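Colleague: I am attaching a structure below and will ask some questions about it afterwards.
Please treat every number below as a calculation from the coordinates, not as lab data. Keep in mind that what you see is a predicted model, and the values were worked out from it rather than measured. Here the Cβ is made from the backbone with ideal geometry for all residues, glycine too, and neighbour counts use every protein chain on show.
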Amino acid sequence: MAVRIGDEAPDFTAETTEGKIRFHEWIGDKWAILFSHPKDFTPVCTTELGYMAGLKPEFDKRNTKIIGLSVDPVGDHERWVKDIKETQGHAVNYPIIGDSELTVAKAYDMIHPN
């Protein structure tokens with residue numbers, strides 16, 4: 001089932017770099033941006049996650065939380081954030097979801113059907 005504009009975002013429970021969350025509860029009364037990346041330790045993704053960390057204060061001003069997602073496990077994310085800080089000059093200051101079972105990716109119809 002595809003998520004369409006105007007639909008309520010699917011809720012889920014997941015392990016993140018900041019502990020276990022239930023998505024809707026984590027959002028609370030704020031806006032949220034859920035963004036995904038295909039693979040930890042890749043150059044483009046490293047740049048993008050570092051850039052988002054640099055923008056986080058602007059999202060905070062707008063009452064908006066950010067959270068990343070990939071199919072890599074949380075342990076990989078935890079090692080990767082050190083690389084992001086070192087290479088991009090920004091520490092990741094938001095959670096990253098470990099979705100190795102594809103639970104979130106499937107709920108958001110992010111998996112190619114083939």
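Colleague: Scan segment 14-35 for residues that are touching an Asp or Glu at 6+ places or on another chain (Cβ under 9 Å) and surrounded by fewer than 16 Cβ atoms within 10 Å (Cβ to Cβ) and report the count.
Modeller: 4
Colleague: I want to confirm something. Restricting to segment 1-51 and keeping residues that are acidic (Asp, Glu), touching a helix residue (DSSP H, G or I) at 6+ places or on another chain (Cβ under 6 Å) and touching a residue at least 40 places away in the same chain (Cβ under 8 Å), which single residue is farthest from Gly98 (Cα to Cα)?
Modeller: Applying the filter and picking the extreme gives Asp40.
Colleague: How many residues are within 25 Å of Lys61 (Cβ to Cβ), under 12 Å from the mean Cα position of the chain (by Cα) and not polar (S, T, N, Q) if we restrict to segment 22-43?
Modeller: Looking only at that region, the number is 6.
Colleague: Considering segment 46-89 alone, what residues qualify as being hydrophobic (A, V, I, L, M, F, W, C) and within 13 Å of the chain's Cα centre (by Cα)? Steps first, please.
Modeller: Taking segment 46-89 first, the residues hydrophobic (A, V, I, L, M, F, W, C) are 49, 52-53, 55, 59, 66-67, 69, 71, 74, 80-81, 84.
Once the filter is applied, which keeps residues that are hydrophobic (A, V, I, L, M, F, W, C) and within 13 Å of the chain's Cα centre (by Cα), segment 46-89 yields Leu49, Met52, Ala53, Ile66, Ile67, Leu69, Val71, Val74, Val81.
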